[in-house]
Amino acid sequence: MPKKLLVTGSSGLIGSEIVEYFCLEGWTVSGMDNNMRAAFFGPSGDTRWNQTRLMERHRNFDHIELDIRDRLRVIAEIVRLKPDAIVHAAAQPSHDLAASRPFDDFDINAGGTLNLLEAARRACPEAPFVLLSTNKVYGDAPNEIELVENDTRYDYADDAFENGIAEDFRIDRSKHSLFGASKVAADIMVQEYGRYFDMPTVCLRGGCLTGPNHSGVELHGFLSYLIRCNLERRTYKVYGYKGKQVRDNIHSNDVARFIKRFIESPRSSEVYNIGGGRGNSISILEAFTLIESISGTPMKWEYVDANRAGDHICYISDLTKARSHYPGWDISKDLFTIFTEIYEAWAGRTGKAQGA
C-alpha cells in the first residue's frame, strides 16, 4: 500500500518540489492550494501552470482546492485522508505585503498552521509534521553581529559565526516585519504541538529557498526574480547595503531530500536551519556577475538608498545540526547549477533565451 503524503502550498516552489519528489518515490500525494500567490502578487505570481504541470505528470497526485484558513474543511480533509506525513509549505511569504494586509498574513501563516496542527492531532498524531519556517524568525538580530565589508560582500567578523547562524540564535527582541512575526507564531506552535502532544514535528528555518519552479516576483523570490530581470532586460532595484547583502541559497530539491530523511527518521519538536550554507552564499553584486556569465546579458540595476525594514545584511545558515542528525544528507546543487536551472526555466516559460 503506497504511503500517503499531504502537501500544502503544493503549487508553489517548495510544495511542488515535494510533490514531484515523493510522487517519483511512489507515494500517493495530495496537495492543498488555492493560488493565493496570484491574489497577492498578480499574474506574475500565478502558480496554476505549476498545478497543471503536476497533474499532467503524476497520476498519483491529487489536487485539493482549499484555503488553509477554512478550519472546518481543513479538519475534514485531513480526517478523510489520514496522511502518513504532512509537509506545510503554504504561506503569505512577503514582508512588504504583510504590512498592507496584516490580517491575511497572520490568519494564513499563524492561523492556517494551527488549523493543520489540530487537524493532524485529531486524525493522525503519529504522522511527521514538517513546517517550512523561515530565517526571518530571527528578525534583524543577525545584523547585530559584527561585520567586515569586503569588495563585493559583507561577512561575519566574529569567528564564532564562521559556519553561519545556528538554531540557538535568539528569535525575540528584534524587528521581524509582520511576516516574520506571524511565522514566529507558527514556528513556536509547531514546536509546542511536538512537546505538549508528543507529535513528530519539525520547523525548517529556510534561508533563500530557490529553484527552477519558482514564480519569483519583486516582493518575494529574490534569486528567481533577479534572474528573470536579467533575462528580460528589466531594471532590478537594490535596496540598501550597497548591494553587498548576503544570502545563502538552497535548491528546492535539496530541501525535499532533507524532508524525506526527516520523515523516515522523525524527531519531536525539532528545529533546523536549512539553507545553502557558506558554500552557496552570495551577495546581490556577486549574483549580478554570476548571471551575466551565464546569460551573456549585462545586468540593468538601480540603487535605492534605503534598506527594507528588518532585512538581513548578512545571513548564512549553519548546517552543522542538520548534517549531524542526518549524516546521509548534504547540499548537492551549487550556485552555478542553481542559477543555470532557473535561467533555463524562465527562458522556457517566457520564450526568451540568450541572444534573443
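Among the residues of segment 198-250, the ones that are touching a Pro at 6+ places or on another chain (Cβ under 9 Å), assigned to a strand (DSSP E or B) and at pLDDT 95 or above come to 2 in all.
A single entry from Arg153, Arg122 fulfils the requirement of being among the basic types (Lys, Arg) and free of Cβ contacts under 8 Å to residues at least 60 places away in the same chain: Arg122.
Filter segment 309-343 down to the residues that are more than 19 Å from the chain's Cα centre (by Cα) and modelled with pLDDT under 95, then identify the one that is surrounded by the most Cβ atoms within 10 Å (Cβ to Cβ). Checked segment 309-343; the qualifying residue surrounded by the most Cβ atoms within 10 Å (Cβ to Cβ) is Ala309.
Within the bounds of segment 285-299, is there any residue that is surrounded by 18 or more Cβ atoms within 10 Å (Cβ to Cβ) and under 30 Å from Arg101 (Cα atoms)? Checking segment 285-299: not a single residue is surrounded by 18 or more Cβ atoms within 10 Å (Cβ to Cβ) and under 30 Å from Arg101 (Cα atoms). Taken over segment 61-119, the residue count meeting the criterion of being in a helix (DSSP H, G or I) and hydroxyl-bearing (Ser, Thr, Tyr) is 2.
The single condition from (1) surrounded by 16 or more Cβ atoms within 10 Å (Cβ to Cβ); (2) more than 19 Å from the chain's Cα centre (by Cα); (3) closer than 14 Å to Val29 by Cβ that Arg57 fails is (1). Only one of the numbered conditions (1) over 17 Å from Gly164 (Cα atoms); (2) assigned to a helix (DSSP H, G or I); (3) polar (S, T, N, Q) is not met by Thr297, and that is (2). Tallying residues that are of a type in the set (Val, Ile, Thr), surrounded by 21 or more Cβ atoms within 10 Å (Cβ to Cβ) and touching a strand residue (DSSP E or B) at 6+ places or on another chain (Cβ under 8 Å) within segment 219-263 yields 5. Gly31 satisfies every condition listed in (1) in contact with a strand residue (DSSP E or B) (Cβ under 6 Å, 6 or more places away or on another chain); (2) more than 26 Å from Arg101 (Cβ to Cβ) except (2). Taken over segment 2-15, the criterion of being at pLDDT 95 or above and surrounded by 24 or more Cβ atoms within 10 Å (Cβ to Cβ) is satisfied by Leu5, Leu6, Val7, Thr8, Gly9, Ser10, Gly15.
The values are calculated or read from the model by the stated rules, or taken from the named source; none is laboratory data. The shown structure was predicted, so the numbers you read here are calculated from the model rather than taken from an experiment. Every residue, glycine among them, receives a Cβ derived from its backbone with ideal geometry; neighbour counts consider all protein chains shown.
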